[in-house]
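> Dumping the structure here so I can ask a few things about it.
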Amino acid sequence: RDRLAFSVFITLSDEAEIKKVNFAETVIHSRLRLSYEQALEVLEAPEDKLPDFITRKAADKLLAVNRLARKLRAERFAAGSLEMSVPEIRIVVGDDGRIEALQPQTTDEAHQLIEECMILANQEVCRALSLKGWTHMHRIHEEPDPLKLAELEERLVASGIIPGDLTRRENMNALLENIADLPTAHAWNTAVLRSLKRAAYSHQQVGHYGLAKEFYSHFTSPIRRYPDLFEHRMLKAALLRAKTPYPPHDVAEIALHCSELENRAKRAERDVVELKKLRYFSEQLERGNPLPYRAIVT
């Protein structure tokens, strides 16, 4: 099917250096649609044994993009991007509407490929609008509060973990790497997350601490985020050489409103997931067949 889109065309060298960026309103017509699981199967398949659902030509394209995504990811972490691993739960619902399973969300190479493409597109949209001098909607993540980092450091030291000065980005990254294999990794990752400021929307460009990006906005999820639509409208006006569709003095208020609604939605989502978990365990008890689980009490 033909589908309307707003596309960011980025030409990259073999070393993932940006050579050229263009934006355009487009019509896309997919010849192949893969699930994350199928894409991962292709990425992990032996060179001479591709899955039946993909052609050699399509597989080569996917593998080429993945090679670039790996390099983009490596560059991002070399620049100080944080590797946060707080597991999220996926709820599997059966045909009868009952919960069949609770599964941890995975972040495999297929997910990482899409993530790097999205991050790159978001960055370049933000850069283009910022360099034009327009007041638009940034996705920001401010530097952490030194006092909160000091409190986290105290807790870590009391538990026998010596993180060093956490106001230094390299120490924060080293800490996340060191705690990754501990039995208490989930608890420590949550503690680190709580010591950081929340990402938000803003009319000001202050950068994104967690992603180590100077320019960053949300552009790639119009179905569920108004800030993406906001950036689409700004970019469309720029392409048409028209005036900005949002007066600069309104952007601060809109960004604050979007941040508040995002936080409300996240709280609602968290509450629903907790409710689903409790219902799942409750139904096991009602059936008289509770499953055993490995757990860590913190």
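> Through the Karplus equation 6.51 cos²θ - 1.76 cosθ + 1.60, θ set to phi - 60°, convert the phi angles of the range 257-264 into ³J(HN,Hα) values in whole Hz; use x for Gly and Pro.
4, 5, 5, 5, 5, 4, 4, 5
> What number, in percent, do you get for the relative contact order of the range 195-298 if the mean sequence gap of Cα pairs under 8 Å and at least 6 apart is divided by its residue count?
This gives 20 percent for the range 195-298.
> Okay, next question. So what are the ³J(HN,Hα) numbers for the range 95-112, from phi and the Karplus equation (6.51, -1.76, 1.60; θ = phi - 60°), rounded to whole Hz, Gly and Pro as x?
Using θ = phi - 60°, the values come out as 4, 7, x, 8, 6, 8, 6, 10, 10, x, 5, 9, 10, 7, 5, 5, 5, 5 Hz.
> Here is a further query. Enter the accessible area per residue of the chain (Å², integer; probe 1.4 Å; all protein chains in place).
Ligands and nucleic acids excluded, the figure is 65 Å² per residue.
> Using 1/(1 + (r/R0)^6) with R0 = 22 angstrom and r between the beta carbons of residue 99 and residue 37, what's the FRET efficiency to the nearest 0.05?
Here the calculated transfer efficiency is 0.60.
> As a test of understanding, state the convex hull volume per residue of the range 177-290 from its alpha carbons, in Å³.
Taking the convex hull of the Cα positions in the range 177-290, it is 160 Å³ per residue.
> Using only alpha carbons, build the gyration tensor for the range 113-165 and give me the equivalent ellipsoid semi-axes, biggest first, whole Å.
36, 16, 7
> With the chain treated as a Gaussian network of Cα nodes joined by springs under 10 Å, which of 166, 239, 229 yields the largest mean-square fluctuation?
Between 166, 239, 229, it is 239 that shows the largest mean-square fluctuation.
> Something else now. Determine the share of the chain's accessible area contributed by carbon and sulfur atoms, expressed in whole percent, with a 1.4 angstrom probe.
Using a 1.4 Å probe with all protein chains present, the chain comes out at 52 percent carbon and sulfur.
> From Cα pairs below 8 angstrom and at least 6 apart in sequence, can you work out the relative contact order of the range 1-106, rounded to a whole percent?
Details: 88 pairs, mean separation 17.8, N = 106.
Result for the range 1-106 is 17 percent.
> If you take all C-alpha pairs in the range 120-212, what percent of them are over 14 Å apart?
Details: 2960 of 4278 pairs.
Cα-Cα pairs in the range 120-212 separated by more than 14 Å: 69 percent.
> Counting each DSSP H run of 4 or more residues in the chain as -39500 (n - 2.57), what helix-only mean residue ellipticity at 222 nm follows after dividing by all residues, to the nearest 500 deg cm²/dmol?
Using -39500 (n - 2.57) per qualifying helix, the result is -16500 deg cm²/dmol.
> Please find, in a Gaussian network model of the chain (springs between Cα atoms separated by less than 10 Å), the residue of 49, 243, 71 whose mean-square fluctuation is greatest.
49
> When the Cα atoms of the range 1-137 are enclosed in a convex hull and the volume is divided per residue, what value in Å³ results?
That works out to 197 Å³ per residue.
> Okay, moving on. Do you know the relative contact order of the chain, to the nearest whole percent, from alpha carbon pairs under 8 angstrom that are 6+ apart?
Value for the chain: 18 percent.
> Largest first and to the nearest Å, give the Cα extent of the range 149-196 along each principal axis.
For the range 149-196, the Cα spread along each principal axis is 25, 19, 19 Å.
> Using +1 at the Cβ of each Lys and Arg and -1 at the Cβ of each Asp and Glu in the range 54-139, identify which of 112, 64, 130 lies farthest towards the dipole's positive end.
130
> Based on the Cβ-Cβ distance from residue 20 to residue 277, what FRET efficiency comes out when R0 is 41 Å, to the nearest 0.05?
Efficiency, rounded to the nearest 0.05: 0.30.
> Here's something else I'd like to know. Could you please tell me the mean projected area of the C-alpha convex hull for the chain, averaged over all directions and given in square nanometres to one decimal?
20.0 nm²
> How large is ³J(HN,Hα), in whole Hz, for each residue of the range 189-205 in order, when computed from phi with the Karplus curve 6.51 cos²θ - 1.76 cosθ + 1.60 and θ = phi - 60°, using x for Gly and Pro?
For the range 189-205, the Karplus-derived couplings read 4, 5, 5, 5, 4, 6, 7, 8, 6, 6, 5, 8, 9, 8, 7, 9, 8 Hz, x marking Gly and Pro.
The values are calculated or read from the model by the stated rules, or taken from the named source; none is laboratory data. The structure presented is a predicted model; accordingly, all values stated were derived computationally and were not measured. Methodologically, a virtual Cβ is constructed for each residue, glycine included, from the backbone with ideal geometry; neighbour enumeration extends over all protein chains shown. All accessible areas refer to the heavy atoms of the entire protein, side chains included, with ligands and DNA or RNA removed. Shrake-Rupley method; radii C 1.70, N 1.55, O 1.52, S 1.80 Å.
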